[in-house]
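*Asks:* First, the structure itself, so that you have it in front of you.
The values are calculated or read from the model by the stated rules, or taken from the named source; none is laboratory data. This structure is a prediction, so every number in the text was calculated from the model and none was measured. Positions of Cβ are backbone-derived with ideal geometry, glycine not excepted, and every protein chain shown enters the neighbour counts.
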């Protein structure tokens, strides 16, 4: 007989998963933002919504969450994963190039907003230290929602995307001293406010140096060892271990878990495993971020808002207006355009997730009363709920100020951008020759290989090559397949080549695929699958032998080369007959490519 199941223990998980798997997809079909859907679901199903009625209607227990702390731990992991991905996309070198906006505009925004909000809070009878705490928490913005919105719109590389990201990064770095400041206040440490802040910053710097030093020594060898097993499961486990373990180490040191994961991402961004790690954690990130947004909704106490709606709404409006005006002005001081300044200001005007963490910790440590903490939490959560609407408003204002110079509607047969890259799969002897030819013609390329030993050796020789499984669609997307100009497959395993051709042709029906084939039969097979060109090893070897032999016996080079090209085209035409009436796009591409070949 099966053991009895404690269904009560699973109720909260079922509510969250049900929201992610059923409610959000349903509302998404109506055009509602997933972020708003999660926030609304959390508010309705949380402890301040239907969850408060469980004692009167016990059946609601199975579709509500009565204790927010039951899922807070899982929700925090969503932010941890997101910060890890941000670090993975940055690297220390890119961070260095962004230092003007991060350590200039970003730091100035945090300091100025903290000072102004703290000044307002001090007029409401808060102690100076508590006023500074409130100012610092509300000065921060929502990294989770803003980055998610910009990424979904493909706008991270725009001026607004770079500026917003730089300011958010400065704010995330500021979380460290803020959390230490809160912990110091809760411990009733003696000393002036300046002494407390200085001590917190010093401790944070020491902890970060320790994490960076340990990471540089251990992370690359760890992933090299795991990649050598060729086990996808172990690679996923190692990735999750590094993210969570680094966050836990940072938390033990008094830092934010998210900041610890961010530093780990920065360290791994400089390794050959960046793309593979990106593809590995993408599915986890989406779900965990959804849980985070759900918990943000749970913190909105509708009863408090209904009791004192005027002060709460006034607080939200004042906060957004103040931070938007401040950041817009600072952005103009840094010579950013009006559209970028206004859009960035509106996106970062609302408060963020770390304010919920900071105020919650302050309430737990009895630094402020529960009533004050509840009001600030409600203002924070409601301001975050306005971000999608503010983002739409910001884009409309931006378009009115600076309308696009080029038409929005493009021709259906627009040419592939000349600056697109080619993905070269495999970097053995054949792949190295192909890569060298691309370098000789100054063509952009991205090289990937599934053998960690090969990747390490080539990296040591100064080549930029990424480790990963080319048969994984998510990994190919992470390598930029959706914007690539072509894919060249140089590996020799027939089964793997077939799988990759199928995946690439499914994801990008229009992209040229040039694949290595073992012999003529394999080439016919690849043409039938959708390869644009298949190059059989045996035929190419025979053509090269013929060319060398004819030149050796004194035949002129011009006629020999012309005959070799002619014979190659004959072989190609014969092999392509196997395709028959296959779909038009690949055939059209082959025809287009054939017009570029010398005759």
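*Asks:* Residue 174: in the same structural domain as residue 384 (by TED's automatic domain parsing) and crowded, with 21+ Cβ neighbours inside 10 Å, yes or no?
*Replies:* In short, yes.
*Asks:* Of the residues that sit in the stretch 17-27 and are modelled with pLDDT under 80 and in contact with a helix residue (DSSP H, G or I) (Cβ under 6 Å, 6 or more places away or on another chain), which one is surrounded by the most Cβ atoms within 10 Å (Cβ to Cβ)?
*Replies:* 24
*Asks:* Could you check residue 366 against (1) in a loop (DSSP other than H, G, I, E, B); (2) surrounded by fewer than 23 Cβ atoms within 10 Å (Cβ to Cβ); (3) within 26 Å of the chain's Cα centre (by Cα) and say which number it fails?
*Replies:* (3)
For (1) touching a strand residue (DSSP E or B) at 6+ places or on another chain (Cβ under 9 Å); (2) in a loop (DSSP other than H, G, I, E, B); (3) modelled with pLDDT under 80, each residue gets a yes or a no:
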site: 3; (1), (2), (3): no, yes, yes
site: 65; (1), (2), (3): no, yes, no
site: 74; (1), (2), (3): no, no, yes
site: 77; (1), (2), (3): no, no, yes
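*Asks:* In the stretch 32-63, how many residues are assigned to a loop (DSSP other than H, G, I, E, B) and more than 30 Å from residue 275 (Cβ to Cβ)?
*Replies:* Going through the stretch 32-63 one residue at a time, the tally reaches 9.
*Asks:* All but one of (1) over 22 Å from residue 295 (Cα atoms); (2) assigned to a loop (DSSP other than H, G, I, E, B) hold for residue 101; state the number of the condition that does not hold.
*Replies:* Every listed condition holds for residue 101 apart from (2).
*Asks:* While we're looking at this one, here's another question. Looking at (1) modelled with pLDDT under 80; (2) touching a helix residue (DSSP H, G or I) at 6+ places or on another chain (Cβ under 6 Å), find the lone condition where residue 262 falls short.
*Replies:* (1)
*Asks:* Does the stretch 216-254 hold any residues that are surrounded by fewer than 15 Cβ atoms within 10 Å (Cβ to Cβ), in contact with a helix residue (DSSP H, G or I) (Cβ under 8 Å, 6 or more places away or on another chain), touching a residue at least 24 places away in the same chain (Cβ under 8 Å) and not in a loop (DSSP other than H, G, I, E, B), and which are they?
*Replies:* 216
*Asks:* Counting only residues that are over 14 Å from residue 534 (Cα atoms) and under 27 Å from the mean Cα position of the chain (by Cα), which one in the stretch 484-501 is surrounded by the fewest Cβ atoms within 10 Å (Cβ to Cβ)?
*Replies:* 499
*Asks:* Which of the residues spanning the stretch 262-307 are outside any helix (DSSP H, G or I) and either closer than 27 Å to residue 452 by Cβ or under 14 Å from the mean Cα position of the chain (by Cα) (or both)?
*Replies:* Hits for the stretch 262-307 are 269, 270, 271, 272, 273.
*Asks:* Give the stretch 346-363 a look and list any residue that's modelled with pLDDT under 90 and under 24 Å from the mean Cα position of the chain (by Cα), or say none.
*Replies:* Listed by number, the residues that qualify are 352, 353, 354, 355, 356, 357.
*Asks:* Hey, another quick one. Would you call residue 511 at pLDDT 85 or above and assigned to a loop (DSSP other than H, G, I, E, B)?
*Replies:* Yes: the conditions hold for residue 511.
*Asks:* Could you go through the stretch 313-333 and let me know if any residue there is crowded, with 19+ Cβ neighbours inside 10 Å, on the phi < 0 side of the Ramachandran plot and not in a helix (DSSP H, G or I).
*Replies:* no
*Asks:* Among the candidates 129, 118, which residue alone is more than 30 Å from residue 288 (Cα to Cα), surrounded by 20 or more Cβ atoms within 10 Å (Cβ to Cβ) and assigned by TED's automatic domain parsing to the domain that holds residue 256?
*Replies:* 118
*Asks:* Continuing with this model, one more query. Could you figure out which of (1) at pLDDT below 80; (2) out of contact with any helix residue (DSSP H, G or I) (no Cβ under 8 Å at 6 or more places or on another chain) isn't true of residue 197?
*Replies:* (2)
*Asks:* Oh, and also: Every residue in the stretch 326-343 that is without any contact (Cβ under 8 Å) to a residue 40 or more places away in the chain, in contact with a helix residue (DSSP H, G or I) (Cβ under 7 Å, 6 or more places away or on another chain) and within 13 Å of residue 113 (Cα to Cα), please.
*Replies:* 328
*Asks:* Restricting to the stretch 460-508, what's the tally of residues that are in contact with a helix residue (DSSP H, G or I) (Cβ under 7 Å, 6 or more places away or on another chain), under 26 Å from residue 283 (Cα atoms) and outside any helix (DSSP H, G or I)?
*Replies:* Count: 11.
*Asks:* From (1) modelled with pLDDT under 75; (2) outside the structural domain of residue 169 (by TED's automatic domain parsing); (3) buried (at least 21 other Cβ atoms within 10 Å of the Cβ), pick out the condition that doesn't hold for residue 86.
*Replies:* Residue 86 satisfies all of (1) modelled with pLDDT under 75; (2) outside the structural domain of residue 169 (by TED's automatic domain parsing); (3) buried (at least 21 other Cβ atoms within 10 Å of the Cβ) except (2).
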